[in-house]
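S.K.: Below is the structure I would like to discuss, written out as structure tokens.
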Amino acid sequence: MVERFFRDLTQYRLRRGIFRSVEELILAIDQYIARHNENPKPFIWTAKADDILEKVKRARASAHNRHSA
């Protein structure tokens, strides 16, 4: 969800913006966050913890095998 938030921030507010100073950039980010928080939507996690942990185990094993070769 964090990646999605920053993707949306970049795509909808920052990419096409013109900022003449760091202060303008900070203001644009603060305004985006304020608008975003006016209508918050909870994230409902649908993945099972066991499925996530199994993927982590496979990723670690794969990384270990690549570094051992």
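The values are calculated or read from the model by the stated rules, or taken from the named source; none is laboratory data. Bear in mind that the values here come from a model prediction, so they are computed numbers and not experimental data. Note: ideal-geometry Cβ built from the backbone for every residue, glycine included; neighbour counts use all protein chains shown.
S.K.: With 68, 21, 62 as the choices, which residue is surrounded by 10 or more Cβ atoms within 10 Å (Cβ to Cβ), more than 21 Å from the chain's Cα centre (by Cα) and among the polar types (S, T, N, Q)?
M.R.: Values: 68 fails: surrounded by 10 or more Cβ atoms within 10 Å (Cβ to Cβ); 21 fails: surrounded by 10 or more Cβ atoms within 10 Å (Cβ to Cβ).
Matching residue, one of 68, 21, 62: 62.
S.K.: Checking the condition surrounded by 10 or more Cβ atoms within 10 Å (Cβ to Cβ) and at pLDDT below 95, which residue from 54, 3 passes? Quick ask: steps written out before the conclusion?
M.R.: On the way: 3 fails: surrounded by 10 or more Cβ atoms within 10 Å (Cβ to Cβ).
None of the other options fit; the residue is 54.
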